[in-house]
Amino acid sequence: MVSFMAKLPSPLDRFKRANARRLRATMTDAERRLWRHLWRIPIEGTHFRRQVPIDRFFADFACHQIGLVIELDGSQHAEDAARRYDLTRTRVLEAAGYKVIRFWNHEVLNDLDAVLDTIFVAVEERQAALAGAAVAHPTPDLRSDPPPQGEGG
């Protein structure tokens, strides 16, 4: 018999849930724009969530069904310390079974259709990998360099 106390979320779970809510409420312009358009990816069996706690990190967007994480990066991610942090983060998410794809914020804001096309290919790639089929189009890890200054985040 399981006691009622065993069903209560731990302090860490409550902390993660509160942080996820805070992050969803303070999304960047690029995150907000991508979130409004993710439904345009017409593939059955995908359901993206935003600001998802995975291990010790929060993924900007994640689809648990196919193990895909989408990260949006501002220009501050081009700095050495941020690149090292992002590499660690990607390794942890990949160890948890997720494929991580990254876009610069300016890509989402200025070329959304190309971003959605890349996500579509990544979704097909993940579904094919889960089904054991060959992958036709690999998704690049990093699409371009960030803008030099003034992107804001």
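Readers should treat all values here as calculations from the given coordinates under stated rules, not as data from a laboratory. All figures in this text were calculated on a predicted structure; none of them were measured in a lab. Don't worry about glycine lacking a Cβ; one is built from the backbone with ideal geometry, like all the others, and counts go over all protein chains shown.
Here the stretch 64-97 is scanned for amide nitrogen atoms under 19 Å from the site 7 Å beyond the Cα of ASN110 along Cα-to-Cβ, giving 72-79. The GluC sites (Glu not before Pro) of the stretch 41-127 that meet both conditions, a loop assignment by DSSP and at most 15 other Cβ atoms within 10 Å of the site Cβ, are GLU44, GLU79. Placing pseudo-labels 7 Å out from each Cα toward the beta carbon at ARG33 and GLU94 gives an inter-label distance of 2.8 nm. Multiplying the residue separation of ARG49 and ALA129 by 0.36 nm and subtracting their alpha-carbon distance yields 26.7 nm.
First measure r as the distance between the Cβ atoms of ASP117 and ALA81, then evaluate 1/(1 + (r/R0)^6) with R0 = 30 Å and state the FRET efficiency to the nearest 0.05.
Numbers: r = 31 Å, r/R0 = 1.05.
So, using R0 = 30 Å, E works out to roughly 0.45.
Write down the Kirkwood hydrodynamic radius of the stretch 46-133, to one decimal in angstroms, obtained as one divided by the mean of 1/r over all alpha carbon pairs.
Details: mean 1/r = 0.0738 Å⁻¹.
Result for the stretch 46-133, one decimal place: 13.5 Å.
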